[in-house]
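The values are calculated or read from the model by the stated rules, or taken from the named source; none is laboratory data. These numbers were taken from a predicted model, which means no experiment stands behind them. When we count neighbours, we look across all protein chains shown, and the Cβ atoms used for this are built from the backbone with ideal geometry, even at glycine. Each accessible area value is taken on the protein alone, full model and side chains, heavy atoms only, with ligands, DNA and RNA left out. Shrake-Rupley method; radii C 1.70, N 1.55, O 1.52, S 1.80 Å.
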Amino acid sequence: MLTSKVLDTTYPKGANYYQHQRDLIDLTYKLVGKDPDTRVDSTGITNTNVYFVVAPIVEYTIATGFSPGVATSVAFKTSARRKTNTSSFLGGFKYTTRQQTIIPIQSSVWSAGNKYNFLGDWRFLNYPQDTYGFGGYTTLNDKYTVNYRYIRFYEYALRSVAKSFYVGGGYQLDHHWRITELDVPPGVVTDYRKYGFSDHSTSSGIALDILYDTRESAIYPEGGDMYANIQFLTDLTFLGADHAYNSVLIDVRRYLGLPHHTLLAFWFYSVLTLNGNPPYLDLPGTGNDTYNNTGRGYEQGRFIGKKMVDLEAEYRFGITRNGLVGGVVFCNAESLSELASNRFEVISPGFGIGLRIKLNKFSNTNACIDYGIGTKGSRGFAGNLGEVF
């Protein structure tokens, strides 16, 4: 899935730095006989206040197969005089070989001086998706398909209350319809049926959000940065939810700078259903985080449960001196609660390597291609626009 993240550091680096860095836009300039250094003026500030990228994409993931499409990102600042993070909009269109349609529109807008941060996540999916059932005891042989259409509408407003510390709230809507189960083996009662099947489902609720974020660039964090987010969500029937339930999301990330311009990143991600029963398709699960990135090496939705804990670590390094190509080595481990016990009983680890190609050196936007290996035969590619976390 595409991601929506802050796309740039607060202040541009010097002209000499950018003239020694290269990205895919520079290569395009050279192919058409233009000088890529004309993209930078003598002060080191780019010749535009808006960074705009449109690019064709071809991805292959376990969940989607081949998925050609178009991705676009826009990055800008709401103030040139005050220290302000870069705002961003990210959108795209993908149609996959599994006949899935994916249209995300995601945004992060910072007001002058970072007093407010407005976050949005809108999506439309027509999405046949594999599912395996609850917990970690399932195998690849348990796979069958759930087909559905889906609309997501999330909007948040956060206000600065101290340096790097924000508090706010928002609204979340997840609506699925035309839900059908396909390729279910004869005589098998699926976990979806045991949990409570319906041909439609709606989650609709309000959330309290508490955020600590020292990153100037969420798409390219640097050594010393930290991100911590706690979100309390309550879904309410009078807002249209099928069932009332409460959950908490905890998302913590830490970035450590190492010698030779390398970086070690850590990620803790957990979603816990405190009470009630979320709809099956809204349950926590592998790759069901906001940006569909947890659990590389496993298909999206490979493990689901009412409770989830995921741990990830990644070592990031450059390959070419001009910044065009980089790489990562990563590992992860997650556990999802079982249907009968609602307890964590199985840990599912994964590991892999990845390639980073610089799309835009001013916004440090990378195209990410990762290959992960999990347990019980799970393995495959994952793509991302911007760092995974």
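Annotations
- Scanning the range 316-335 for residues that are in contact with a Ser or Thr (Cβ under 9 Å, 6 or more places away or on another chain) and crowded, with 18+ Cβ neighbours inside 10 Å yields R316, G326, N332, E334, S335.
- Among all residues of the range 304-312, there is at least one that is over 23 Å from F351 (Cβ atoms) and either open to solvent by less than 10 Å² (accessible area, probe 1.4 Å) or assigned to a strand (DSSP E or B) (or both).
- If you check F197, F165 for being open to solvent by 50 Å² or more (accessible area, probe 1.4 Å), over 30 Å from L140 (Cα atoms) and in contact (Cβ under 8 Å) with a residue 12 or more places away in the chain, only one passes: F165.
- Residue ID - surrounded by the fewest Cβ atoms within 10 Å (Cβ to Cβ), chosen from residues in the range 279-294 that are touching a Ser or Thr at 6+ places or on another chain (Cβ under 7 Å) and under 21 Å from I230 (Cβ atoms): Y291
- Positions within the range 245-278 being open to solvent by 60 Å² or more (accessible area, probe 1.4 Å) and of a type in the set (A, V, I, L, M), in sequence order: L256, L258, L274
- Test: residue in the range 208-230 that is touching a strand residue (DSSP E or B) at 6+ places or on another chain (Cβ under 6 Å), farther than 30 Å from T86 by Cβ and surrounded by 14 or more Cβ atoms within 10 Å (Cβ to Cβ): no
- Residue list for the range 109-158, filter: out of contact with any strand residue (DSSP E or B) (no Cβ under 7 Å at 6 or more places or on another chain), over 17 Å from G305 (Cα atoms) and acidic (D, E): none
- Test: residue in the range 353-362 that is of a type outside the set (G, A, S), under 25 Å from N246 (Cα atoms) and buried (at least 16 other Cβ atoms within 10 Å of the Cβ): no
- Filtered residues of the range 83-93 (kept if more than 18 Å from V161 (Cβ to Cβ) and either in a loop (DSSP other than H, G, I, E, B) or modelled with pLDDT under 90 (or both)): T86, S87, S88, F89, L90, G91, G92
- The C-beta contact set for the range 82-103 (first residue farther than 29 Å from T214 by Cβ, second residue assigned to a loop (DSSP other than H, G, I, E, B) and at pLDDT 90 or above, distance under 7 angstrom, 6+ apart or interchain) comprises R98/P128; Q99/P128; Q100/Y127; Q100/P128.
- Restricting attention to the range 127-150, the residues that are of a type in the set (A, V, I, L, M) and surrounded by 15 or more Cβ atoms within 10 Å (Cβ to Cβ) add up to 1.
- Restricting the range 336-352 to residues that are in a loop (DSSP other than H, G, I, E, B) and farther than 16 Å from G287 by Cα leaves a set whose member that is most open to solvent (accessible area, probe 1.4 Å) is R343.
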